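The numbers here are math on the coordinates, done by the rules we state, and not lab data. The structure presented is a predicted model; accordingly, all values stated were derived computationally and were not measured. Note that each Cβ is placed from the backbone with ideal geometry, even for glycine, and that neighbours are counted across all protein chains shown.
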Amino acid sequence: MDLSKIIEYQTLDSKLFKIERELKNNENKKIANQMHQNMKDAQTKTLKLEERAGALLTEIEKVKKQFQIQQEKMNEFVARDLSKMSKEEVDKLAVLKDKLSQNLVILDKNLSSLAETVNAVLTEFNKTIKLANNCKEQYLKCKQAYENDVKAVEKDKNDIIKELQKLEKGIDGKIMEEYKKRRNENIFPVLVKLNGNSCGGCHIELPYANISSLDANGILSCEHCHRLIYKG
């Protein structure tokens, strides 16, 4: 089997593979993707913080109403004319007044605690918004840089693809199909030489029966790495 054409094809394809790999591992692309994810995370966090702040403000309103009710009751007790009451009534009134005072103190502490929590949530919210804006700015910057990197190699990439298409016309269709199948699975190089009795790609030693099959067919698919093995 004459594999010279498909080997020539792979030699040229290696240049395209290198370009694709460099773009895939492009640092600007990685940073842009990370900043995009950070923006999504920040958006999710701000929504949760908004919900938290809303719940806290609702709770504050409830406590304020309770405080107002207790305060009004306290004012009623203070306004009473003690001179017209018996000692027993005055004693009961004093006990109720103490309870109301305690309730007011507790409610006041609750309000202060809730206010502090709201302030903490708002601070975190503003911090998250600032982070999201910074991530957006960096995302746009790196995205543009990556697009520039893509454009920089676009001509070379297209020229290689055109040459590959020309070479493909002279290659056996079945071999080309097997090559492309592995190439699409990111297996590269696809074609490797037999190295002694081992695969030239993964270096696993081949069984004798496989080597006999290689001698008979001129090409063999490695059971381990799935590359196409040929004798050089």
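Computed from the C-beta positions of L164 and S213, the FRET efficiency with R₀ = 22 Å rounds to 0.15.
The I129 and E59 beta-carbon pair, evaluated with R₀ = 22 Å, returns a calculated FRET efficiency of approximately 0.40.
Cross-link partners for K64 among the aspartates and glutamates, with Cα-Cα distance under 19 Å and sequence neighbours closer than 8 places in the same chain left out: E72, E76, D108, E116. The distance linking the stretch 97-140 with the stretch 164-232 is 65 Å (Cα centroid to Cα centroid, whole angstrom).
Backbone amide hydrogens, once placed in the peptide plane, bring R80 within less than 5 Å of nothing, excluding anything fewer than 5 places away on its chain.
Within the listed set S221, S14, S86, the Gaussian network model of the chain (springs between alpha-carbon atoms below 10 Å) gives the highest mean-square fluctuation for S86.
The calculated FRET efficiency for the pair A145 and S14, based on their C-beta separation and a Förster distance of 41 Å, comes to about 0.95. Here each label is just a point 7 Å from Cα along the line to Cβ, and for E137 and D91 those points are 7.2 nm apart. With the simple model of a label 7 Å out from the Cα in the direction of the Cβ, L47 to T117 spans 2.3 nm. At full extension, E177 and E76 could sit 27.0 nm farther apart than now, given 0.36 nm per residue minus the alpha carbon distance.
Among bridges DSSP assigns within the chain, what percent are antiparallel (round to 5)? If you can, show how the numbers build up before the last one.
Working: 5 of 8 bridges.
Percentage antiparallel, nearest 5: 60.
Projecting the Cα atoms of Y230, L220, N184 onto the dipole axis of the stretch 172-232, where Lys and Arg carry +1 and Asp and Glu carry -1 at the beta carbon, places N184 farthest toward the positive end. Loop-located GluC sites (Glu not before Pro) in the stretch 149-232 (DSSP state other than H, G, I, E, B) with a sparse environment of at most 16 neighbouring Cβ atoms within 10 Å: E185, E223.
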